[in-house]
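First comes the structure, then the notes that go with it.
The values are calculated or read from the model by the stated rules, or taken from the named source; none is laboratory data. If you're wondering where the values come from, they're calculated on a predicted model, not measured in any experiment. So basically every Cβ, Gly included, is an ideal-geometry build from the backbone, and we count neighbours across all protein chains shown. Note: areas computed on protein heavy atoms with side chains; ligands, DNA, RNA excluded. Shrake-Rupley method; radii C 1.70, N 1.55, O 1.52, S 1.80 Å.
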Amino acid sequence: MIDSPETLLPLLDEEGHVVGTLSRKEAHSGSRLLHPAVYLHVFNSDGQLYLQQRPSWKDIQPGKWDTSVGGHMDAGESIEEALRREVKEELGITDYKPHPLTHYIFDSQREREMVYVFTTIYNGPITPDPTELAGGRFWSIQEINKHIGKGIFTPNFEQEFQQIVFPTLSKK
């Protein structure tokens with residue numbers, strides 16, 4: 001399984017407005033053209049965070065542990081449609097209430113994304129799609145903090161967890 005390099009994604013300006021389209025291949029080629037992504041952090045009522053393990057065939061960060069759900073918004077989709085599609089595709093979850101946290105620009109050598117971040121509390125069944133993920137499990141916050149900086153998480157997850165998710169949890 002591989003991601004289709006020809007999938008069309010929205011091209012965004014700095015304010016997040018769609019100004020055109022680009023292929024996934026262009027988005028990941030080092031062009032640093034801004035495109036949108038949606039992320040959902042799935043917590044259970046015990047305060048544990050579900051993380052997915054990226055499959056070895058992924059073109060970015062293969063094999064690393066990452067945000068519960070993350071994916072690109074396809075051309076013509078709304079943020080909410082993309083989120084619902086990605087959550088259903090990756091984890092098989094359809095009955096949940098997403099809460100928006102924030103959005104920010106993630107900038108790396110390979111790509112530049114406008115990331116829309118959501119969270120939810122969910123205690124139902126999770127069925128990771130074996131064609132999308134290598135697996136997944138719930139992690140305690142202490143366990144995540146213990147493994148930050150050791151190369152098992154994606155850099156994007158670590159940055160988001162430390163700057164957005166964990167500080168939000170600390171305020172509750």
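Points to keep in mind about this one:
- The residue pairs whose first member lies in the range 2-31 and is in contact (Cβ under 8 Å) with a residue 60 or more places away in the chain and farther than 30 Å from G63 by Cβ, whose second member is surrounded by 14 or more Cβ atoms within 10 Å (Cβ to Cβ) and of a type outside the set (K, R), and whose beta carbons are closer than 6 Å, counting only pairs six or more residues apart or on different chains, are G16/M114.
- Residue satisfying condition, being without any contact (Cβ under 8 Å) to a residue 40 or more places away in the chain and within 30 Å of P5 (Cα to Cα), within set P155, P125, P130: P130
- Condition met for A37 (assigned to a strand (DSSP E or B) and aliphatic (A, V, I, L, M)): yes
- Hey, D129 open to solvent by less than 60 Å² (accessible area, probe 1.4 Å) and either within 16 Å of the chain's Cα centre (by Cα) or of a type outside the set (A, V, I, L, M, F, W, C) (or both) or not: yes
- Condition check for E86: within 22 Å of Q48 (Cβ to Cβ) and of a type in the set (D, E): yes
- Restricting the range 25-59 to residues that are touching a Pro at 6+ places or on another chain (Cβ under 8 Å) and open to solvent by 30 Å² or more (accessible area, probe 1.4 Å), the residue that is nearest to D74 (Cα to Cα): K25
- In this entry, V165 is excluded by the filter for residues that are of a type outside the set (F, W, Y), touching a residue at least 12 places away in the same chain (Cβ under 8 Å), touching a helix residue (DSSP H, G or I) at 6+ places or on another chain (Cβ under 8 Å) and buried (at least 17 other Cβ atoms within 10 Å of the Cβ).
- Of all residues making up the range 91-122, the number that are open to solvent by 10 Å² or more (accessible area, probe 1.4 Å), touching a Pro at 6+ places or on another chain (Cβ under 9 Å), free of Cβ contacts under 8 Å to residues at least 60 places away in the same chain and more than 21 Å from A27 (Cα to Cα): 1
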